[in-house]
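Here, each number is a calculation from the coordinates, and none is a lab measurement. A quick note: this is a predicted structure, and the numbers were derived from the prediction, not measured. Counting neighbours? That spans all protein chains shown, and the Cβs are built from the backbone with ideal geometry, glycine included.
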Amino acid sequence: MGCHLSEGAIQALMNGETPSNPVLQCLGIKTISGSGMDRVRLLLSDGLQSFGTSMLASQLNHLVTDGKLETFTVIRITQYQSTMLQGTKRILICLNLEIVKKAVEIGGKIGGPIPLAQAAGVGNVQQRAAPAKAYQNENICPPAPNTMQSPKPSHKTPWGKDEAPVTPGGTATRIMPIGALTPYQNKWSIRARVSQKGQMKEWKNARGEGKLFSFTVLDDSGDIRITCFKEEADKYFDIIEMGKVYYISNASLKPANQQYNNTSHDYEMTLRRDSVVTICDSGDSDTVPKIHYSFKKIKDLEKDINSFVDVIGIVKSVDELSTIMIKSQNREAKVRKFSLVDQSGAEIRVTLWGKEAENFDGSSNPVVALKGAKVSDFGNCSLSTVSTTTLSISPEITEAYELKNWYATGGSTQATQNLTTTGTGGGGSSSANWKTLADIKFESLGTSDKPDYITTKVTVLYCKKENALYQACPNAQCNKKVVDEGNGQFRCEKCNTQSSSFKYRMILNMHLADEYDSTWVTCFQEQGEMLLGVTAEEIGLLKVENESGYETALKKMNFNSYFMKLRVKSDKFNDEERTRVTVTNLSPISYVDYAQKLFADIDELQQAV
């Protein structure tokens with residue numbers, strides 16, 4: 001089936017014009033993998049010309065993964081940003097689009113488009129092309145009119161002034177979409193809203209010490225994390241405010257560290273001494289979007305262990321502020337926990353830290369929205385804020401009003417399933433992902449991109465005595481294995497230090513079994529000390545001074561049963577696929593809880609019959 005495109009739209013876009021709602025055909029799709037979220041590059045055609053420097057905004061990637069946007073699909077681009085790279089190459093960021101005709105309805109390429117670079121060589125191309133026109137009919141492709149006029153480009157600068165912004169050297173710069181930023185550009189500026197601001201932190205390592213803080217900004221095309229160190233941290237901490245819009249230029253870009261970065265961008269930004277940060281106090285700030293959430297239901301959070309998520313709910317109960325000792329950092333920290341519930345009929349425990357914990361007031365059962373909260377397997381499944389998490393109390397969004405109405409009309413008395421269990425283990429919780437060891441093979445657990453987490457009742461058969469301990473760096477914040485220099489000194493390559501002492505760390509290699517199968521698992525220090533009932537240091541001394549006592553201590557747990565939470569993940573070693581199973585949590589058998597679990601299984605089977 002044929003379809004008319006907006007002939008001349010591509011030439012207009014490349015000339016810096018802004019054709020309204022151009023109808024184009026997708027001739028190719030390429031997914032570009034990066035350190036963060038994948039980006040999608042498109043080859044677009046207007047029937048006369050084609051160009052391949054168009055990118056989908058990350059929030060539209062689902063159109064490709066869902067199979068809605070394919071090669072030969074005809075689309076209408078309803079919102080976009082166009083900018084120049086390196087002063088010669090123009091890139092188009094598609095922020096929103098509509099599917100006009102599916103690929104199966106078109107069946108092939110429309111017209112005989114010439115690549116833009118080749119068309120420039122042919123010359124006189126503009127005489128062949130009619131300017132683009134907006135089409136509003138969503139159901140049919142419009143006829144190609146003979147006279148179509150592209151809207152005139154606006155002479156208003158994005159800064160809301162008569163002139164474009166300039167760098168300290170006086171050179172004109174330009175507004176760049178965040179989604180188009182790469183380290184290979186220069187003389188750019190972004191206009192973005194602060195969606196998250198972290199606390200000022202102090203750091204100290206072998207290279208020195210100082211302060212830092214990070215914040216996240218966003219625009220229509222995406223978001224990016226920005227970090228300030230030392231003098232820049234002091235300079236900008238009081239300037240940066242949540243929700244305000246700023247122009248930012250002259251900053252460095254590097255690949256994003258996904259361990260601390262929960263944005264969708266492949267890169268993160270660092271402010272330098274010559275960076276320029278200016279507040280946008282003109283009407284242009286209204287064009288920058290506010291915080292965008294992608295909320296997940298609380299009942300589904302067990303599928304997102306070790307991921308960052310957006311969650312909204314009602315505070316059901318809140319604990320008093322308490323102080324705990326963080327052993328790895330040898331410091332005290334303020335902490336407050338509360339229970340969050342939503343319409344999905346589930347609740348979860350949330351942990352707040354530091355100033356956020358001290359200032360939090362949940363006594364009136366407010367709505368709380370969390371952006372970028374960390375899902376962990378502590379207590380089976382729980383949430384915790386990190387430095388990049390944004391917490392909003394009673395936000396003025398539709399989801400908040402819906403929650404308030406639900407809670408006021410019966411939700412406050414509704415029975416809920418608690419995803420977070422009390423105590424150290426996940427045993428007996430009906431919310432746990434109960435499996436047998438045989439299910440690891442039968443269900444091919446751990447073979448997807450993310451690891452699988454299961455709860456099971458197992459018996460320890462045997463623990464290898466070889467390599468159960470290693471000598472680690474004595475630094476409280478480092479567990480790296482040290483090198484014995486042979487002269488009474490031990491060297492840590494990570495800290496680049498030498499010491500006359502070390503500490504023992506435990507790695508147990510154990511054989512577990514249940515009624516259906518057996519498997520080898522790895523158990524690290526915290527869980528190992530719980531199983532053996534002694535510390536790694538005590539086991540280390542036994543190994544040196546009393547070999548038989550060491551072996552006896554390791555045999556202490558043999559043929560004892562436990563509830564264990566296991567992490568299952570496949571990887572490749574010497575080109576051979578293997579499944580690694582790690583103990584992440586454990587607790588002694590609670591036969592009351594286990595009996596309740598078995599009764600629930602029986603009821604489920606009876607309902608299935």
Whole-Hz ³J(HN,Hα) from phi, Karplus 6.51 cos²θ - 1.76 cosθ + 1.60, for the range 283-290, glycine and proline x | x, 5, 5, 5, 7, 8, x, 7
Quick one: which residues, 5+ away or cross-chain, put their amide H under 5 Å from the amide H of ILE507? H built at 1.01 Å from N.
-> LEU469, TYR470
Along Cα→Cβ, 7 Å out, is where each label goes; now give me the distance between the ones at GLU70 and VAL104 in nm to one decimal.
-> 0.7
Residues in the range 456-470 that a label on LEU541 would reach, taking backbone N under 18 Å of a point 7 Å out along Cα→Cβ | 469-470
With θ set to phi - 60° and the Karplus curve 6.51 cos²θ - 1.76 cosθ + 1.60, what are the ³J(HN,Hα) couplings of the range 560-570 in order, to the nearest whole Hz, using x for Gly and Pro?
-> 9, 9, 8, 7, 10, 9, 10, 9, 10, 8, 8
Return the subset of LYS334/LYS457; LYS337/LYS480; LYS254/LYS494; LYS254/LYS480 for which the Cα-Cα distance in this structure is over 24 Å, preserving the input order.
-> LYS334/LYS457; LYS337/LYS480; LYS254/LYS480
Under 5 Å from the placed amide H of GLY446, counting only residues 5+ away or on other chains, we find ASP452
Per-residue HN-Hα couplings for the range 462-469 [Karplus 6.51, -1.76, 1.60; θ = phi - 60°; Hz; x = Gly/Pro] = 6, 10, 5, 7, 6, 6, 7, 9
FRET efficiency for ASN306 and ASN558 from the Cβ-Cβ distance with R0 = 25 Å, rounded to 0.05, comes out at 0.20
Under a 5 Å amide H to amide H cut-off, with H placed in plane at 1.01 Å, what residues pair with SER307 once short-range neighbours are removed?
-> VAL375
In the range 315-398, which trypsin sites (Lys or Arg not before Pro) are in a loop and have at most 15 other Cβ atoms within 10 Å, using DSSP for the loop call?
-> LYS327
